[in-house]
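Let me begin by presenting the structure, written as structure tokens, before commenting on it.
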Amino acid sequence: MLDSTLQATYDQVLHRNPGEPEFHQAVREVFESLEVVQSRHPEYQDHSILMRLCEPERQIIFRVPWVDDDGVVQVNRGFRVEYNSALGPYKGGLRFHPSVNLGIVKFLGFEQIFKNSLTGLPIGGGKGGSDFDPHGRSDGEIMRFCQSFMTELHRHMGEYTDVPAGDIGVGAREIGYLFGQYKRLTNRYEAGVLTGKGLDWGGSLVRKEATGYGAAIFADEMLKANGSSFDGRRVAVSGSGNVAIYAIEKVRQLGGIPVTASDSTGYVVDENGVDLALLQQIKEVERGRIVEYAERRGNGARFVANGSVWDVPVDIALPCATQNELNVEDARTLVKNGVLAVSEGANMPCTPEAVAVFREADVRYGPGKAANAGGVATSALEMQQNASRDAWSFEHTEERLTQIMKGIHTTCLETADEFGRPGDYALGANVAGFRKVADAMIAFGVI
Ligand code: GLU
């Protein structure tokens, strides 16, 4: 239940944004944490901060026509939601996936505001993408799609305006085609306008690894705060994209045993610990399916079609696939199997009912906007390097990332304590992320 003022604002959000369940879910989750803030800070209510925060500053929807390899004209829909620029230029990824619609982009953009605030770096919140399905498309088709997408989007971008990056379906290859087209259209080598770039043309070391590394580091901090560690513990990771692969790598470095990976067709269990090189070969190089991992690995690794990866008994869970991938049944199974901590590498992977189960069972739960902030934080470090025309070493950049993740962990814990909810990382993340944005918005007046 929300209190009456929050409920009234939430009702208005529902009324104004019909048919966008993921967006409603993301807003409600934040509102539930803000109850404690409303009473202590009446100024936020006086300035209608929440209503303003829920309304994106700008929403751009555009046609993306392109020609496929058979010469057939295809049409997709492009989005960029420039959500909030109180703390810096709009910053957030682009997602290319058939499930993308305005509600999905708004949920992701809304989450991004708080996540980016938590990093402590000067970045506002935004998100974009398209319902384009890259799966099975040739390199030429991907390039033509990206060029058409950028032909429209470029007029809204700028290193001081809006700085996109990758998300699901958008990696270094797509960022290359997008950057190339931006550069051609504007006749400017404006490196800081996109992040996740290749290392030879303005990219940052550690950016590729950062989201997964960060989610594992956040889990490690939660474990340590409870007198525990990764040492010898079994870890379930879902997904097999960029976030999952580097979460697996960092879990190993921290002493844990990652035993799973998954994709939309099913999951693999590898009791000997996931072979990272093989997973990378199949997923990053060949862009193949996870079943091939079990076939080629032998050695006791098995593939389970469909089923839930959360059925595998583990001590720590890192959901690194997509939104609402871990439901209440999964949460109950994990709790029954004695899970200690859940750290979200993906955005909003646990349903609200699943989170309630973790809370009830006193499982440490690191919400995505804190636990997966390492990706966007390292994007901001990429922007810093671009602005100073510099390139940092892997060690230095990784050290910055580690310190940022530790800082976010501490901020969440301290804020949760301040509001009488010790150990509630979700509350800490929402409140701490919100306060900075709200205070900046008040300072700027009614804009
Ligand atoms: N898409 C990533 C996220 O969800 C990274 C965004 C960025 O680097 O701008 O935070």
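The values are calculated or read from the model by the stated rules, or taken from the named source; none is laboratory data. This structure is a prediction, so every number in the text was calculated from the model and none was measured. Here the Cβ is made from the backbone with ideal geometry for all residues, glycine too, and neighbour counts use every protein chain on show. Remember, those area values only see protein heavy atoms, side chains included, never the ligands or the DNA or RNA. Shrake-Rupley method; radii C 1.70, N 1.55, O 1.52, S 1.80 Å.
Here the Karplus curve 6.51 cos²θ - 1.76 cosθ + 1.60, taken at θ = phi - 60°, turns the phi angles of the range 69-75 into couplings of 5, 8, x, 8, 6, 10, 10 Hz, with x standing for Gly and Pro. Residues considered: 424, 200, 70. Largest GNM mean-square fluctuation over the chain, using C-alpha springs under 10 Å, is found at 70. Considering only 359, 155, 52, the Gaussian network model of the chain with Cα springs below 10 Å gives its largest mean-square fluctuation to 155. Database remark: amide H of residue 95 closer than 5 angstrom to the amide H of 128, 129, 130 (H placed geometrically; neighbours at sequence offset of 5 or more, or on other chains; Pro and chain starts carry no H).
Calculated FRET efficiency, residue 444 to residue 161, Cβ-Cβ distance, R0 = 25 Å: about 0.90 to the nearest 0.05. Per-residue extension of 0.36 nm, minus the Cα-Cα distance of residue 28 and residue 12, leaves a gain of 4.6 nm for this segment. Ranked by solvent-accessible area (1.4 Å probe, protein heavy atoms only, all chains present), the residues 278, 334 order from largest to smallest as 278, 334. The GNM of the chain, with springs linking C-alpha atoms under 10 angstrom apart, assigns the highest mean-square fluctuation among 212, 158, 420 to 420. Estimated from helical segments only, the mean residue ellipticity of the chain at 222 nm is -15000 deg cm²/dmol, where each DSSP H run of four or more residues counts as -39500 (n - 2.57). The mean sequence separation of alpha-carbon pairs under 8 Å and at least six residues apart, normalised by the residue count of the range 194-287, gives a relative contact order of 23 percent. Counting only lysines at least 8 places from residue 197 when in the same chain, those with an alpha carbon closer than 26 Å to its own are 91, 106, 115, 127, 183, 208, 250, 283, 369, 406.
Peptides 102-111, 308-317, 385-394 ranked from most to least packed give 102-111, 308-317, 385-394, packing being the mean of other C-beta atoms within 10 angstrom over each peptide's residues. Derived scalar couplings between HN and Hα for the range 277-289 equal 4, 5, 4, 5, 4, 6, 8, 7, 8, 8, 6, x, 9 Hz in order, rounded to whole Hz, by the Karplus curve 6.51 cos²θ - 1.76 cosθ + 1.60 (θ = phi - 60°), x for Gly and Pro. Only Cα pairs under 8 Å and 6+ residues apart enter the sum, and on that basis the relative contact order of the chain stands at 15 percent.
Residues whose amide H comes within less than 5 Å of that of residue 196, counting only those at least five positions distant or on another chain, are 204 (H built at 1.01 Å from N in the peptide plane). Extension gain, residue 47-residue 393: 0.36 nm per intervening residue step, less the Cα-Cα distance, totals 120.1 nm. Accessible surface ranking for 209, 382, 353, 1.4 angstrom probe, highest first: 353, 209, 382. The solvent-accessible area of residue 46, taken with every protein chain present and a 1.4 Å probe, is close to 120 Å². Taking amide H atoms as placed 1.01 Å from N in the peptide plane, the amide H of residue 228 has no partner under 5 Å among residues 5 or more positions away or on other chains. Largest first, the residues 342, 67, 357, 75 sort by 1.4 Å accessible area into 75, 67, 357, 342. Estimated at the nearest 10 Å², the accessible area of residue 439 is 80 Å² with a 1.4 Å probe.
With 0.36 nm allotted per residue and the present C-alpha distance subtracted, the residue 359-residue 277 stretch has 25.9 nm of extension available.
Membrane-span-like helices in the chain (whole DSSP H runs, Cα extent of at least 15 Å along the helix axis, mean Kyte-Doolittle hydropathy of at least -1.0): 4-16, 21-40, 102-118, 139-153, 172-186, 207-225, 242-253, 374-387, 394-418, 425-443.
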